[in-house]
Amino acid sequence: MIIEQGYSGFGGAVTAPHHLAAQAGGRVLADGGNAIEAMIAAAACIAVVYPHMNGLGGDNFWLIHPGRGIKPIGFDACGAAAELADTKWYRESGYEHMPTRGPKAASTVAGAVSGWGKAYEWSSRHCDGKLPLTRLFEDAIYYARAGFSVTDTLARNAHLKRSELEFVEGYSNLFMPSGSTLCPGERFCQPQLALTLERLAASGFDDFYTGELAHDIAEDLKQVGSPLRVADLNRHQPIQVDPLQLSLGETVLFNMPPPTQGISSLMLLGIFSRLGVEYADRFEYIHGLLESTKRAFSYRDRYLTDPEHMTVDPRQWLSDALLDRNATTIKWEQAAPWPAKEDGGDTVWLGSVDAQGRVVSFIQSLYWEFGSGVVLPQTGITWQNRGSSFSLDSGHHNCLKPFQRPFHTIQPALAHLPDGRVVAYGTMGGDGQPQTQAMILSRYAWYGQGIQQAISAPRWLLGRTWGSEVTNVRIENRFPAEVLDRLLSVGHELEVIGPYDDIMGHAGAIVLHPDGLIEGASDPRSDGSVVVV
């Protein structure tokens, strides 16, 4: 789906992987809200209607283009590990590796609500934001209380993950109220979550971290066996950051710094841009991006963690010399070996633009589908399992320490193109996020595809996503057989999958043209849409 709209009479546009979230953001724009307020409304709504992918118990990151000629800003709303959470605590609890499900997987503070709060404050100060929280949470509260129709995506994930989650504290009460998993078309209500959203709307975002709501959250977490305490919530603060930046000719790419893998997305495109590939979606294009991915991921897997604990400056990885050197190691007749990396990821990406030319690229996540699986009884919040990305090996660069922020696969992207276009784009999908970002940007900006075509086109994925153990190259079957045969002949281990498989992620994009023309695109693999007002 693509929507184009001229500047005259235009209020803005929102894209999201669930149509109700896009509508929530669109309604805010129609009421005079700006792109940031629209994103808060969409983010709160999708936390309700896409509960397997994201929620109040997760983290989020923001990239905001404030206007033409103004450098983008970033907000990092990633929660740190609990004070009690260290390697000794987990080993004494009988763990050799970080748990991925259950209360002890709920080990990091949820930063998402603080990200909404940081953006809301910035909007009020710099963008004339005026809408109250009661208005921004209106759709989210309504769908939490009245319910919404369960999508195939939600039902499928609930069914596939039943054996992992049905005995986790609180999970079955919410997601299996009748003893069976959710079914497509079933009405799904979350009354406790509706009350929590109402409390936030009335008391403000800080209530989640320092108010009565914080005490209720901490009490439930302690009761089920999580290491998190109210002091950990009190300590949390979102961070305003300078985005990473990479110039490729006159195209300028922006992404988030560590602890996200935004550096990998920029490295990938930086290496690939040096290969001289002439056409998209042929062997050279796919092989070139796959080999660039391997080079970028090798740096990520060796060093990336909380920037306070990194021993190298990742911005050096964007130097011309390093990108040139990595590009020269790529062989067209032989695929490099791929070391398996254990990363999963379940996430939502959303984008918005308003009539004043502000553009938002936003991403929000619980990490794996349904996160830790823990649902807190007093608030209805499902808590993330982002801390499972830590290692209990004291020699590992990402070893668990109290107050340390975890490695994040999620990262929103922005690009400034030579002709003045601003592109916000992104996707969910663990290791797939940098790869899909590279496909979208290169197809659209360098190879002349339309933005919807760039997102709908067949994709591939090297590595893990959605908590899967698979680390080969999964590739959709819409590529020509001769392309697949040639990829196999140079040593790529391929698994050919269906034509629009949502293992490839749920991508989206918003494009603002210099004359005010707006383009928006939503992934046919998702339940999403673009809403323009």
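The values are calculated or read from the model by the stated rules, or taken from the named source; none is laboratory data. All figures in this text were calculated on a predicted structure; none of them were measured in a lab. No Cβ is skipped: glycine too gets one built from the backbone with ideal geometry, and neighbour counts run over all protein chains shown. Note: accessible area is taken over every heavy atom of the protein model, side chains too, but ligands, DNA and RNA are not part of it. Shrake-Rupley method; radii C 1.70, N 1.55, O 1.52, S 1.80 Å.
Observations on the structure shown:
- Take every pair of alpha-carbon atoms less than 8 Å apart whose residues are at least six positions apart; their mean separation over the length of the chain yields a relative contact order of 26 percent.
- The range 126-172: Cα Rg divided by the 2.2 N^0.38 Å rule of thumb: 1.76
- The range 407-533 - convex hull of the alpha-carbon atoms, volume per residue in Å³: 123
- For Lys161, the aspartates and glutamates whose Cα comes closer than 19 Å to its Cα, not counting residues fewer than 8 places off in the same chain, are Asp152, Glu169, Glu186, Glu342, Asp343, Asp346, Glu369, Glu469, Asp501, Asp502.
- The simple Förster model, with R0 at 41 Å and r as the Cβ-Cβ distance, assigns Leu488 and Gln453 a FRET efficiency of 0.95.
- Added length on full extension, which subtracts the Cα-Cα distance from 0.36 nm per residue, Asp515 to Arg135: 133.7 nm
- Charge dipole (Cα centre; +1 on Lys/Arg Cβ, -1 on Asp/Glu Cβ; no other charges) of the range 333-416 amounts to roughly 340 debye.
- Proximal lysines relative to Lys331, as straight alpha-carbon distance under 23 Å, when same-chain residues fewer than 8 apart are discounted: Lys294, Lys341
- Antiparallel content of DSSP bridges confined to the chain, in %, to 5: 90
- Between Thr100, Gly69, Leu56, the Cα set farthest toward the positive side of the dipole of the range 46-120 (charges on each charged residue's Cβ, about the Cα centre) is that of Gly69.
- With a Förster radius of 35 Å applied to the beta-carbon distance between Asp501 and Arg68, the computed FRET efficiency rounds to 0.40.
- 14 Å cut-off, amide nitrogen to a point 7 angstrom out along Ser391 Cα→Cβ, residues in the range 303-320: 303-306, 310-311
- Over the range 171-290, relative contact order from alpha-carbon pairs under 8 Å, at least 6 apart, %: 11
- Convex hull of the range 351-481 built on C-alpha atoms - directionally averaged projected area, nm²: 12.5
- Here the accessible area is traced with a 1.4 Å probe on the protein chains. For the range 266-333, carbon and sulfur cover 45 percent of it.
- Among the helices of the chain, those built from whole DSSP H runs whose Cα atoms reach 15 Å or more along their own axis and whose mean Kyte-Doolittle hydropathy is at least 0.0 are 19-30, 35-49, 191-203, 262-272.
- Convex hull volume per residue in cubic angstrom - Cα atoms of the range 5-136: 142
- For His309, net neighbour charge (Lys/Arg +1, Asp/Glu -1) across residues whose Cβ lies under 10 Å away: 0
- Solvent accessible area, Å² - Glu83, 1.4 Å probe, full protein context: 100
- A 1.4 Å probe run over the protein chains yields, for the range 201-332, 41 Å² of accessible area per residue, whole-number rounding.
- About the centre of its Cα atoms, the range 104-227 shows a dipole size close to 260 debye [charges on the beta carbon of Lys, Arg (+1) and Asp, Glu (-1) only; nearest 20 debye].
- When all alpha carbon pairs of the range 281-400 are counted in 5 Å bins from zero, the resulting P(r) reads 2, 8, 12, 13, 16, 17, 15, 10, 5, 2, 1, 0 %.
- The range 436-515 and the range 70-120: distance between their alpha carbon centers, rounded to Å: 30
- An oblate overall shape is assigned to the range 370-435, the ratio a/c of its alpha-carbon gyration tensor axes (a ≥ b ≥ c) being 1.5 or greater and a/b not exceeding b/c.
- Lys, Arg +1 and Asp, Glu -1 on Cβ, resulting dipole of the chain about Cα centre, debye, nearest 20: 320
- Temperature 4 °C, viscosity 1.567 mPa s: under these conditions the Stokes-Einstein estimate for the range 129-267, based on its Kirkwood radius over C-alpha pairs, is 70 µm² per second.
- Over 19 Å (Cα to Cα) - which of Lys71/Lys130; Lys118/Lys222; Lys104/Lys222 fall in this group: Lys71/Lys130; Lys118/Lys222
- Normalised per residue, the accessible area of the range 377-474 is 21 Å², obtained with a 1.4 Å probe and no contribution from ligands, DNA or RNA.
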